[in-house]
Each structure stands twice: as C-alpha cells, then as structure tokens.
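Structure first, then comments.
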C-alpha cells in the first residue's frame, strides 16, 4: 500500500534508496518508510510557514533546520537539574568499573522475522534461567556471536566498550547472574550472564557536570521534537503507514 501524506505519495524507489541508510535497523524497509513519512510532514510544514525547500538535498536540510529551530523550543538544563540527575543516577558516573560477562546473541538482520527471533530468544531465556549451569552450552548452540565458541564469554568489559543499551544492562543491574530480561540492542536480542562486577571510583559532580548537562539537553530536545512531530502527524492526512502505532518512532 502506497504511503500518502496530505495527498503526496512517497515513491517506492525513494523508500528503496532510503532503506540503505537504515541497514542496521531490524527492518530497514520499515525504518525507511517512517523516515520518509516524517520528512515529508516536516517539509510540508516548512513550506506552510514560508521556508524555501526548492532544490532538494541541502536546500531541504537547511529548511528543516530552520523550521525546527523556529518551532521546537528546548530549554537549557540548569545546574540544579544536572545535580539532581547526578544524585539520582550516581552509579552511572564511575571510573574504572569492570564487568565480567557472557552473552547469547540472537542476531536480527535485514528483513529477518523479528517476532520469531524474539520468541525464540525469550523461550531460551526461560530455559537458561531454570538451568543457568547450561549457559555455555546454549551459547555454543544458539549464539550468532563468535563468542559462542567460548561459551559466550566476553571477558572483562569497561564502560564505553559496548553499545549504550548493552552497557546499561551490564553496569546498572543488581546481583550477578543471568539477567531476567532480554537485552535489546541494534544487533538483536541478548541473553546476558554477569559473572561479577568490580566497582571503580565515583566521579565528582564538578568533573562531569558539563557532560550531564549535554545529556539532559539531548534528552529534552529529543522529547520536544517527538512531541512536535506527534502534533504535526495528528493534523496530517496519512495513509499507508501508522505514525501513531506502537512501533512508530513518534511513540517510542
């Protein structure tokens, strides 16, 4: 079914080209559809407020930058807000933390059946939790990571050595053992076993307050942009794609 935004159809060949930019997504085609639908909504809004989008490419990007700067308000976090975040999430701001861990990776590749892969991973997780002594065995037979040949062993990991979503699961968990939930990353679904955690030292607030402010600012911008896009999408006549569905980037 064709994707139509306020009477404008997004061509199939444009979706195919855009999919190449989302090769790491669980479904590059779906990610491309969302990206182009959102871009079309923004371009239409830019023209509505008098911004010049003619010429494509750089001209469109400049118009979208101008639109977002004009219409998406993102307040700068205060030092008090940064301090509050630091106090609430002190465990994230440590130096020298180490985690010794293993994993079983159920890789998600382009056009792979994501729901089936997730179901298999969840079933395996239930078995591993019931029989944790068989973790290495399951890693050898199920994992799509080369580490499966070593029972899933990843060795000792420091902060910054893995993707953020995997790192959060490793360093912000509680007691060692098999984590009770799948860890979802850009690579797929992971069953994770933490053998031990070696704590480093707490970093003082003054040393990292700028980094916290930058993180909070990015979070505020992300939320403000998502809300702005939800408003525009809610006013648009859209067919061929559900921008308000559970899988939409406007909801996540």
>> Take the residues in segment 182-213 that are touching a residue at least 24 places away in the same chain (Cβ under 8 Å) and part of a loop (DSSP other than H, G, I, E, B); name whichever of them is farthest from residue 147 (Cα to Cα).
In response: 203
> Could you list, in sequence order, the residues of segment 69-95 that are at pLDDT 90 or above, outside any loop (DSSP other than H, G, I, E, B) and in contact with a helix residue (DSSP H, G or I) (Cβ under 9 Å, 6 or more places away or on another chain)?
Replying inline: 71, 79, 81, 82, 83, 85, 86, 87
>> As an exercise: evaluate residue 50 against (1) over 20 Å from the mean Cα position of the chain (by Cα); (2) at negative phi; (3) surrounded by fewer than 12 Cβ atoms within 10 Å (Cβ to Cβ) and give the number of the one condition it does not meet.
In response: (2)
> Is it true that residue 128 is under 30 Å from residue 141 (Cβ atoms), surrounded by 12 or more Cβ atoms within 10 Å (Cβ to Cβ) and not assigned by TED's automatic domain parsing to the domain that holds residue 143?
Replying inline: no
> Just a yes or no: is a residue in segment 84-101 exposed (fewer than 12 other Cβ atoms within 10 Å of the Cβ), in contact (Cβ under 8 Å) with a residue 40 or more places away in the chain, over 24 Å from the mean Cα position of the chain (by Cα) and not assigned by TED's automatic domain parsing to the domain that holds residue 166?
Replying inline: yes
> In segment 151-167, which residue that is in contact with a helix residue (DSSP H, G or I) (Cβ under 9 Å, 6 or more places away or on another chain) and surrounded by 15 or more Cβ atoms within 10 Å (Cβ to Cβ) is modelled with the lowest pLDDT?
Replying inline: 159
> Which residue out of 31, 21, 66, 59 is in contact with a helix residue (DSSP H, G or I) (Cβ under 7 Å, 6 or more places away or on another chain), without any contact (Cβ under 8 Å) to a residue 24 or more places away in the chain and either surrounded by fewer than 18 Cβ atoms within 10 Å (Cβ to Cβ) or over 30 Å from residue 133 (Cβ atoms) (or both)?
Replying inline: 31
> So which of 229, 216 ends up being modelled with pLDDT of 90 or more, assigned to a helix (DSSP H, G or I) and within 30 Å of residue 112 (Cβ to Cβ)?
Replying inline: 229
>> Criterion first (within 15 Å of residue 232 (Cβ to Cβ), in contact with a helix residue (DSSP H, G or I) (Cβ under 8 Å, 6 or more places away or on another chain), free of Cβ contacts under 8 Å to residues at least 60 places away in the same chain and assigned to a loop (DSSP other than H, G, I, E, B)) does residue 51 satisfy it?
In response: yes
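The values are calculated or read from the model by the stated rules, or taken from the named source; none is laboratory data. This one's a predicted model, so the numbers in the text were calculated from it and none came from an experiment. Glycine gets a Cβ as well: all are built from the backbone with ideal geometry, and neighbour counts include every protein chain shown.
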